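Working notes, structure below.
The values are calculated or read from the model by the stated rules, or taken from the named source; none is laboratory data. Keep in mind the model is a prediction, meaning the values are calculated, not measured. FYI the Cβ positions are ideal-geometry reconstructions off the backbone, even for glycines, and counts take in every protein chain you see.
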Amino acid sequence: MKSVHAQYIICGEATRRVSSIYCVFGLSGEEYRVMKKITMFILETCPYCREALRFMDELFAENPMYKAIEIEVIDEGLHADIANRYDYYYVPTYYVGDTKLHEGAANIKKIRRVFDAALKD
């Protein structure tokens with residue numbers, strides 16, 4: 001059983017399609033896996049953030065399970081009030097639940113590690 005809800009998140013001027021929210025995977029409908037939410041902080045003008053978003057698109061194509069993860073993308077330039085509640089300095093920054101897993105320039109391997117952490121129970 002697979003249920004996927006796609007949503008659009010506004011990141012500054014750019015609108016990005018991010019697959020997400022309230023998705024449940026199960027083998028027979030009796031076993032379910034609920035993913036942890038990822039919160040990603042970016043700046044629209046940050047080249048490392050744009051690169052990280054491209055890597056995320058590659059990972060979505062590589063593994064359909066990743067498309068089911070709820071991902072909230074917050075542009076700290078537009079939402080400083082939210083960003084100031086978190087402890088980080090560099091973008092992009094990824095939190096899984098309340099745990100910071102990555103901060104600063106990322107490669108596809110590091111982002112995969114964040115996604116895998118969100119899939120774990």
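Let's see how each residue does on (1) in contact with a strand residue (DSSP E or B) (Cβ under 9 Å, 6 or more places away or on another chain); (2) modelled with pLDDT under 90:
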{"position": "K2", "(1), (2)": "yes, yes"}
{"position": "Q7", "(1), (2)": "yes, yes"}
{"position": "E44", "(1), (2)": "yes, no"}
{"position": "L59", "(1), (2)": "no, no"}
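Considering only the range 107-121, state which residues are out of contact with any strand residue (DSSP E or B) (no Cβ under 8 Å at 6 or more places or on another chain) and of a type in the set (A, V, I, L, M).
I108
In this structure, does Y48 turn out to be among the hydroxyl-bearing types (S, T, Y) and under 13 Å from the mean Cα position of the chain (by Cα)?
No, not satisfied.
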